[in-house]
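Asker: Take a look at the following structure, please.
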Amino acid sequence: MKKFSRILFAMVVATSAILMTGCATKEQATVHVKVTTALGAAVSGETVYQFDQTTKDVHGLTTKMFAEATAVTDSEGVAEFSLKSLDFGVDDRVTLYYVTYDNKGSINGQTAVTVKKGESKDLTLTQSAL
């Protein structure tokens with residue numbers, strides 16, 4: 001019985017450590033990306049693609065299929081990204097890249113931001129003139 005209690009205690013401690021580690025690296029953050037034309041007008045209905053640093057370094061930003069997430073701009077030109085499942089790494093921050101593409105699949109706007117855990121960021125992505 002004593003051996004069983006020790007095994008059970010070890011399992012509980014190990015499970016708690018795993019759960020606490022998972023919770024410590026993930027926390028809610030939000031990024032609002034306002035998409036505008038070169039003249040400053042808001043662009044509604046535009047799909048914005050989110051890439052993390054690793055994806056950018058390995059694949060670049062030219063291929064939509066490697067995006068970590070997408071969001072469509074609302075009537076005011078704002079796309080919202082909820083980062084609740086994002087791994088913020090050892091320094092509690094992550095750099096993200098936001099990209100829009102023209103109808104030929106070429107990048108026509110991009111911006112980047114570094115976000116800390118629990119932070120909300122607002123940024124503007126200006127598309128190039130077509």
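The values are calculated or read from the model by the stated rules, or taken from the named source; none is laboratory data. As the structure is a prediction and not an experimental result, all values here were calculated from the model. Glycine gets a Cβ as well: all are built from the backbone with ideal geometry, and neighbour counts include every protein chain shown.
Asker: Which condition from (1) over 17 Å from Q28 (Cα atoms); (2) touching a residue at least 40 places away in the same chain (Cβ under 8 Å) is the one that L96 breaks?
Answerer: With respect to (1) over 17 Å from Q28 (Cα atoms); (2) touching a residue at least 40 places away in the same chain (Cβ under 8 Å), L96 is out only on (1).
Asker: Among residues belonging to segment 67-93 that are modelled with pLDDT under 80 and either part of a strand (DSSP E or B) or not small (G, A, S) (or both), point out the one that is nearest to the chain's Cα centre (by Cα).
Answerer: Let us first name the residues in segment 67-93 that are modelled with pLDDT under 80, namely 84-92.
Filter once more, so that each one left must be either part of a strand (DSSP E or B) or not small (G, A, S) (or both): 84, 86-88, 90-92.
Numbers: K84: 9, L86: 6, D87: 9, F88: 10, V90: 16, D91: 16, D92: 14 Å.
The qualifying residue nearest to the chain's Cα centre (by Cα) is L86.
Asker: Next question, about the same structure. For E80, are the conditions met, namely being within 14 Å of A29 (Cα to Cα) and in contact (Cβ under 8 Å) with a residue 60 or more places away in the chain?
Answerer: No; evaluated as a whole, the condition is false for this residue.
Asker: Now, a different point. Are any residues in segment 33-52 surrounded by 15 or more Cβ atoms within 10 Å (Cβ to Cβ), within 16 Å of T73 (Cβ to Cβ) and not acidic (D, E), and if so, which ones?
Answerer: Answer for segment 33-52, where residues must be surrounded by 15 or more Cβ atoms within 10 Å (Cβ to Cβ), within 16 Å of T73 (Cβ to Cβ) and not acidic (D, E): V33, K34, V35, T36, T37, A42, V43, T47, V48, Y49, Q50.
Asker: Under 9 Å by Cβ, and 6 or more places apart or on different chains, what pairs join a residue from segment 35-48 that is at positive phi with one that is among the acidic types (D, E)?
Answerer: G45/D74
Asker: Another question, if that's okay. Considering only segment 94-116, I want to know if a residue exists there that is of a type outside the set (K, R), modelled with pLDDT of 90 or more, on the phi > 0 side of the Ramachandran plot and in a loop (DSSP other than H, G, I, E, B).
Answerer: Looking through segment 94-116, at least one residue is of a type outside the set (K, R), modelled with pLDDT of 90 or more, on the phi > 0 side of the Ramachandran plot and in a loop (DSSP other than H, G, I, E, B).
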